[in-house]
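Asks: Before we start, here is the structure in question, set down as structure tokens.
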Amino acid sequence: MMFTSTGSRGLYKAPLSKSLLLLPTVLTVLLTVLLPQYQDVFTYNLQAIRQGKQFWRLVSGRLICLDLKDTFCSSLLIYNFRIFERRFGSHKFASFLFGAWILSAFVDLLLTEALRFMFELKVDVLPAGLLGPVFALFVPFYSSIPRVQVTQLLGHISVTNKSLTYIVGAQLLTSSAYMWVVACSGLIAGMLYYSNKLAVQKFLRVPGWAARCGSTLLEPVFSDSEPTAEAPLGMGATLDIQRQQRMDMLDQQLLLSQLAHLRRNAQQQQAQTGLLNWNRFFPTLRHRGQNQHREGPQPQQPTYMHPPDNTAVAEEQVARLMEMGFSRMDAQEALRASNNDINIATNFLLQH
């Protein structure tokens, strides 16, 4: 499962995701427990925006959740979506959240006006918090993260590596009466920004100076130490389960090391040969010396098993990896080395 390999890393190389987990949660607890008299300032009141011209509520009402259940569900989703900060970098990830936050505000106003005009449904207050960008992240999650089956329930219901995230999103969707309006706004904003049909990424992005300032402020406070190479095994597991986990881990490390060795050899050959591989015709002195001293019985050396070059590769999996931004050659090499296991191939390409 894709998130299994990255889950052991926690919030490593994701300072923005960590800050979005901690700061809004602390502020929500303060407003709901200690300072309930100030909740009205952070209420997402559309009627006050339209009639009272209180446009500042488009900012204050869309930053902090006033419901602990919404805070918990959105924090779980941000934790799962931290992979996008690792993949795209904190600057691009922040630009996506900022662009989706701006676009979802306009879509909120348009949707509520459309509901009032078409169905005479008057929506005065929407759920508060950073919910629009959270729902917007489902767009790249659906488009770029491969769907891999983990198990089946009752022989018909397929459980994948993405099922838990969708369940948490459904729980957040049903937390209040008009959460579906915020969810639709976030999904529309996410599609507009992710597809860049209207060139919104050119205008709605975090400036470079702001990203540098944020990196200077956030990384010393919210950065995590580099994780160890091996993920700890589950507590309380039986001996057989631990052995199986260890074997799976070693198999994955072997496949990744084989692919890394193969790619290094290919790069060295390409750098040394140019148009012709002269080492095939004129071996180096080191290889000549080895050939001259091979007269007599030689101890058997362990052979290194390279991934077969003629392994059939599924074009559907190659297309999925290419949609994630990898080249066709790298995708094919990774799939061949991992025996068409798209999880191992994706993990290797993300790590190298």
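Asks: On the basis of being touching a Pro at 6+ places or on another chain (Cβ under 8 Å), open to solvent by less than 10 Å² (accessible area, probe 1.4 Å) and at pLDDT 95 or above, does G132 make the cut?
Replies: For G132, the condition - touching a Pro at 6+ places or on another chain (Cβ under 8 Å), open to solvent by less than 10 Å² (accessible area, probe 1.4 Å) and at pLDDT 95 or above - is not met.
Asks: Next question, about the same structure. With surrounded by 22 or more Cβ atoms within 10 Å (Cβ to Cβ) and within 24 Å of L198 (Cβ to Cβ) as the only criterion, which of F88, F106, F84, F96 stands out?
Replies: Exactly one residue qualifies, and that residue is F96.
Asks: If you don't mind, there's one more thing I want to ask. For region 18-71, enumerate the residues that are surrounded by 14 or more Cβ atoms within 10 Å (Cβ to Cβ) and among the aromatic types (F, W, Y).
Replies: Within region 18-71, F42, Y44 qualify.
Asks: May I ask you to list the residues in region 176-199 that are within 17 Å of L109 (Cβ to Cβ), touching a residue at least 60 places away in the same chain (Cβ under 8 Å) and open to solvent by 10 Å² or more (accessible area, probe 1.4 Å)?
Replies: C184, I188, L192
Asks: Can you find, within region 66-99, the residue that is modelled with the lowest pLDDT among those that are outside any helix (DSSP H, G or I) and within 23 Å of the chain's Cα centre (by Cα)?
Replies: Only one residue tops the list, namely G89.
Asks: Filter region 150-175 down to residues that are of a type in the set (A, V, I, L, M) and under 20 Å from V134 (Cβ atoms) and give me whichever is least open to solvent (accessible area, probe 1.4 Å). Steps first, please.
Replies: We begin by selecting, within region 150-175, every residue of a type in the set (A, V, I, L, M); these are 150, 153-154, 157, 159, 164, 167-168, 170, 172-173.
Then drop every residue that is not under 20 Å from V134 (Cβ atoms), which leaves 164, 167-168, 170, 172-173.
Values: L164: 115, I167: 108, V168: 18, A170: 50, L172: 0, L173: 68 Å².
It comes out as L172.
Asks: Next up: Given the conditions (1) outside any helix (DSSP H, G or I); (2) open to solvent by 40 Å² or more (accessible area, probe 1.4 Å); (3) on the phi < 0 side of the Ramachandran plot, and given that E113 satisfies all but one, which numbered condition is not satisfied?
Replies: So E113 meets the others, but not (1).
Asks: Now for a different question. Go through I102, I167 for me and flag whichever is under 24 Å from C73 (Cα atoms), part of a helix (DSSP H, G or I) and touching a residue at least 24 places away in the same chain (Cβ under 8 Å).
Replies: Working: I167 fails: touching a residue at least 24 places away in the same chain (Cβ under 8 Å).
Just one listed residue meets the conditions, I102.
Asks: Sticking with this one: Name the residue, out of V150, V123, that is assigned to a strand (DSSP E or B), aliphatic (A, V, I, L, M) and in contact (Cβ under 8 Å) with a residue 24 or more places away in the chain.
Replies: Only one candidate passes the filter, namely V150.
The values are calculated or read from the model by the stated rules, or taken from the named source; none is laboratory data. As the structure is a prediction and not an experimental result, all values here were calculated from the model. Every residue, glycine as well, gets a Cβ built from its backbone with ideal geometry; the counts of neighbours run over all protein chains shown. For accessibility, only protein heavy atoms count, side chains too; no ligands or nucleic acids. Shrake-Rupley method; radii C 1.70, N 1.55, O 1.52, S 1.80 Å.
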